[in-house]
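Have a look at the structure below before the remarks.
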């Protein structure tokens, strides 16, 4: 029971009229529909509460009209700390009591304002409990990435204790412990656990509360205090760093190594060199990898799996696809970038077994003592000179009966793609050699051998042979598929690929 911003519908449909949307400041007030094991349907529609309209009408001092003062926290700068949840202590099983409490709070305020001759809100049931079409909430979650974190660090003069804390010895006590900084999610879950405030409550109390305190002080910059200031996607873009913005200082200095050897207990494969500092620069925050706690993966993910790691084994935590939290999964997502997807959309997913050695390139696990950490460097190139094995152009004339030959600018295209790959540290590391790079198109050619013509595997007839498409389909899937994935023109038959075939006219034929 309480007020929650939520999606009232089931997401946008592919067909039919567009669905109604609600802004980030619309909060749905809904009584519980389940009491114990019984389903008790609502007698009236839920209320859509416009938080922005109320804060604008009441002004900053009006927060206490709905939010009670938190007696556990001291006032700062004359600003009283408020509880985030409204009527948080209601009994979920007492739905009638909850309904009365909301009516007393909301309708009571409206009636008092009416009696005082002030503008007011709804006074009848149907004005609040109105039948509305299903809606999709436009409320966007806000992540404190490293750029936004850096702005807070500068605003608070590097005083980490302003935000970071651990539980003290007394109930409700919060103390700062240097080197034990964690993301909020590391201690606060979605629900209250072991006396710890739920995450959404803790974030609103501390973040919005701090912004209100700074707002009340002269000559102090502060952040947003209204819903849309954090949860409006358009407003969030104003917080995003510019393309030329410098890389912020290291997000957290907590004794983490710049580089280390990754190893699992009992593993027989070579160790993995992990450049921690380089990965920090490419991650939006520490939580990109350390999604729960800022600790080693092995503390939650064991070899056999454990409840602390949601039964995801250590091997899965490193290799699982379809998630940005694992090494392989994150690298796999990088291949969907526009500059990479042209080749990678047709390659085997997840990475082939040949990729194992790209990561497991360190010393053998049995080697003791381990050598000093050293991350390998990879530089592709140079491309071979133009020759029969590396032609400047390739003439594709298998469809000459219907269209003129297609002249494929082999050298020019390879040089453009090679430039992108060689400048990307991740791509250069995993391509490793020119032959691996070439395999993006010549997908069945053994490394180190001259690629054979496409027709050596693909039959000229349109009908596929075994698991291979016909030659015409193979050309179009490879060439046109790359253009479509990378949004490159041309994408039509005669738009730069083919010219219509010139057929001589026969005797008596009209010109």
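Where a number appears in this text, it was derived from the coordinates with a stated rule and is not lab data. Computed from a predicted structure; not experimentally measured. Cβ placement follows ideal geometry from the backbone for every residue including glycine, while neighbour counts extend to all protein chains displayed.
What is the projected area of the convex hull of the Cα atoms of segment 394-485, averaged over all directions, in nm²?
6.9
Given points 7 Å out from each Cα along the Cα-Cβ axis, report the residue 477 to residue 419 separation in nanometres with one decimal.
3.1
Scattering from the C-alpha atoms of segment 86-143 alone, worked out with Debye: what is log10 I(q)/I(0) at q = 0.24, 0.30 1/Å?
-0.99, -1.10
Would you calculate a helix-derived [θ] at 222 nm for the chain, using -39,500 (n - 2.57) for each DSSP H run of n ≥ 4 and dividing by the full residue count, to the nearest 500?
My calculation for the chain gives -6500 deg cm²/dmol from helical runs alone.
Enter the per residue convex hull volume of segment 83-182, computed from alpha-carbon coordinates, in Å³ rounded to the nearest integer.
Expressed per residue, the convex hull around the Cα atoms of segment 83-182 is 247 Å³.
Based on the Cα atoms of segment 270-359, what semi-axes does the equivalent ellipsoid have, where each is the square root of 5 times one gyration tensor eigenvalue, given in whole Å with the largest first?
Numbers: eigenvalues 110, 52, 33 Å².
Values for segment 270-359, descending: 24, 16, 13 Å.
Please state, rounded to one decimal and in Å, the Kirkwood hydrodynamic radius that segment 2-137 gives when every pair of distinct Cα atoms enters the mean of 1/r.
17.0
Can you tell me what the convex hull of the Cα atoms of segment 66-107 projects to on average, as an area in nm²?
Seen from a random direction, the Cα hull of segment 66-107 projects 3.5 nm² on average.
Taking the chain as the reference, fit the longest principal axis to its C-alpha atoms, fit the long axis of helix 95-115 to the helix C-alpha atoms, and give the angle between the two in degrees, 0 to 90, nearest 10.
70
Would you mind giving the three semi-axes, in whole Å and largest first, of the ellipsoid equivalent to segment 146-239 according to its Cα gyration tensor?
24, 17, 13
To test your reading of the geometry: what angle, between 0 and 90 degrees and rounded to tens, separates the Cα axis of helix 146-155 from the longest principal axis of the chain?
40
Using only alpha-carbon positions, what ratio does the radius of gyration of segment 321-435 give when scaled by 2.2 N^0.38 Å? Mind showing how you got there, number by number?
Numbers: Rg = 18.8 Å, N = 115, 2.2 N^0.38 = 13.4 Å.
Scaled against compact globular proteins, the figure is 1.41.
Over the Cα atoms of the chain, what is the Rg over Rh ratio if Rh follows Kirkwood?
On the way: Rg = 31.0 Å, Rh = 29.0 Å.
Reported Rg/Rh, Kirkwood definition of Rh: 1.07.
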